[in-house]
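**Student:** Handing you a structure now.
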Amino acid sequence: MLWVFDLDGVVWLAGHAIAGSPEAVRRLRDSKVGVAFVTNNSTPTVAEYVDRLAAAGIDIGPDELVTSAQAAASMIDPGTPVSYVGGGGVKEALENRGVELVPLDSGPKAIVVGRSLQLDFGQLAAAAGAIREGARFVATNTDATFPTPSGLEPGAGALVAYLEVGSGRRAEVAGKPHEPMAELVRGRFGQPDLVVGDRADTDGAFADRIGAPFGLVLTGVTKPGDLPISPEPATIGADLATVVDAQLKLAR
C-alpha cells in the first residue's frame, strides 16, 4: 500500500504544518502504509525539504521525495549545456543529472524554468532570447498559483507564461500532471494506491495519468465553494487528517 502526497496546501503552507498533518502521516506509517511526497515546487533542494519537513514534524528520507526539478532534469541528456531560471532545487537536480551548467547568454541547448523568488529583467530577457534562438524550453511545472498562509502567490506557471510570450515558444512541462513526473514516481515507488492533493488540474489529473484514485483536501487551492471539480475525487476531506482517518477506517 502506497500513498502519494502533494506538499503545498496538503501537508503545509509555506513550510508551516497544516494542523493535524504530521500526526496523520505518522498514523499511516504506523498502519504500514508507505508514503511518498511528490511536489511541483522546484525551489528548495532535497536537503532543505528534509530539514523543513522535520521542523514541521514530519520525518522523511530523501528517497521518499520527488520534485518537479528532478522530473525536468530527467528530460535532458547528461552533458547537455543547460541554463536555468529557478531556485537551488533546479540547480541541484541538473547537477545530479550530469548536465553542463552554462550562463544564459552563452548559447545553452536547453533552458529549465522553475519558480524563482529572485528575478530580474536581464535574466528573463536572456532566457527568452536563448529560447527564441532554439534552446529547448523545459518548465518544471505550470501551476498558476502557490498557496501560502496569507493567500495565493504567483506560481511557476506565471513565470513560464511570461517566457512563452516573450519567446514565442511553448514549454515542455515536466511536473504533475505530465508524464516525466509519472515516470519518475513509477520508477521509484511503483503503482500508488492513492494520490492526495489540493487541486484538480495538477494532482487530480496526475492521479488519472498514473492510474490511482484522487483524494482531495480543502486546505490549499481548492475550497468548498469550488466543488464539484473534474476529475472527480474518490474522496474529499476538510484536511489531510480527515482523509487519512476515513481511509484507514475503511481499510479495517
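**Student:** Can you tell me how many residues in the stretch 27-65 are touching a Pro at 6+ places or on another chain (Cβ under 6 Å) and either of a type outside the set (A, V, I, L, M) or outside the structural domain of Ala246 (by TED's automatic domain parsing) (or both)?
**Tutor:** Here the count works out to 1.
**Student:** Only one of Lys91, Lys109 is within 19 Å of Gly155 (Cα to Cα) and surrounded by fewer than 24 Cβ atoms within 10 Å (Cβ to Cβ); which?
**Tutor:** Lys91
**Student:** Can you name the residue in the stretch 21-68 that is assigned to a helix (DSSP H, G or I) and touching a Gly at 6+ places or on another chain (Cβ under 6 Å) and is also surrounded by the most Cβ atoms within 10 Å (Cβ to Cβ) among such residues?
**Tutor:** Kept after step one, since they are assigned to a helix (DSSP H, G or I), are these residues of the stretch 21-68: 21-30, 46-55, 62-64, 68.
Then drop every residue that is not touching a Gly at 6+ places or on another chain (Cβ under 6 Å), which leaves 22, 52, 68.
Values: Pro22: 19, Arg52: 17, Ser68: 34.
The selected residue is Ser68.
**Student:** Looking only at the stretch 89-107, which residues are of a type outside the set (S, T, N, Q) and closer than 17 Å to Gly175 by Cβ?
**Tutor:** Correct list: Gly89, Val90, Lys91, Glu92, Ala93, Leu94, Arg97.
**Student:** Please go through the stretch 186-217 and pick out each residue that is touching a Phe, Trp or Tyr at 6+ places or on another chain (Cβ under 9 Å) and under 19 Å from Leu28 (Cα atoms).
**Tutor:** Result: Pro192, Asp193, Leu194, Val195, Val196, Gly197, Ala212, Phe214, Gly215.
**Student:** Where the second residue is buried (at least 16 other Cβ atoms within 10 Å of the Cβ) and the first is in the same structural domain as Met181 (by TED's automatic domain parsing) and lies in the stretch 138-150, which pairs have Cβ atoms under 8 Å and are six or more apart or on separate chains?
**Tutor:** none
**Student:** Here's a follow-up. When the stretch 56-79 is examined, which residues are found to be in contact with a helix residue (DSSP H, G or I) (Cβ under 9 Å, 6 or more places away or on another chain) and farther than 13 Å from Thr140 by Cα?
**Tutor:** Answer for the stretch 56-79, where residues must be in contact with a helix residue (DSSP H, G or I) (Cβ under 9 Å, 6 or more places away or on another chain) and farther than 13 Å from Thr140 by Cα: Ala56, Gly57, Ile58, Asp59, Ile60, Gly61, Pro62, Asp63, Glu64, Leu65, Asp77, Pro78.
**Student:** Considering only the stretch 60-94, state which residues are of a type in the set (D, E, K, R) and closer than 24 Å to Glu133 by Cβ.
**Tutor:** Asp77, Lys91 - these are the residues of the stretch 60-94 that are of a type in the set (D, E, K, R) and closer than 24 Å to Glu133 by Cβ.
**Student:** Look through the stretch 69-88, keep the residues that are in a strand (DSSP E or B) and among the hydroxyl-bearing types (Ser, Thr, Tyr), and return whichever of them is surrounded by the fewest Cβ atoms within 10 Å (Cβ to Cβ).
**Tutor:** Restricting to residues being in a strand (DSSP E or B) and among the hydroxyl-bearing types (Ser, Thr, Tyr), the top hit is Ser83.
**Student:** While we're on this one: Suppose we filter Val46, Val50, Val38, Val10 for residues that are within 30 Å of Ser106 (Cβ to Cβ) and touching a helix residue (DSSP H, G or I) at 6+ places or on another chain (Cβ under 8 Å); which single one remains?
**Tutor:** Val46
The values are calculated or read from the model by the stated rules, or taken from the named source; none is laboratory data. The structure presented is a predicted model; accordingly, all values stated were derived computationally and were not measured. So basically every Cβ, Gly included, is an ideal-geometry build from the backbone, and we count neighbours across all protein chains shown.
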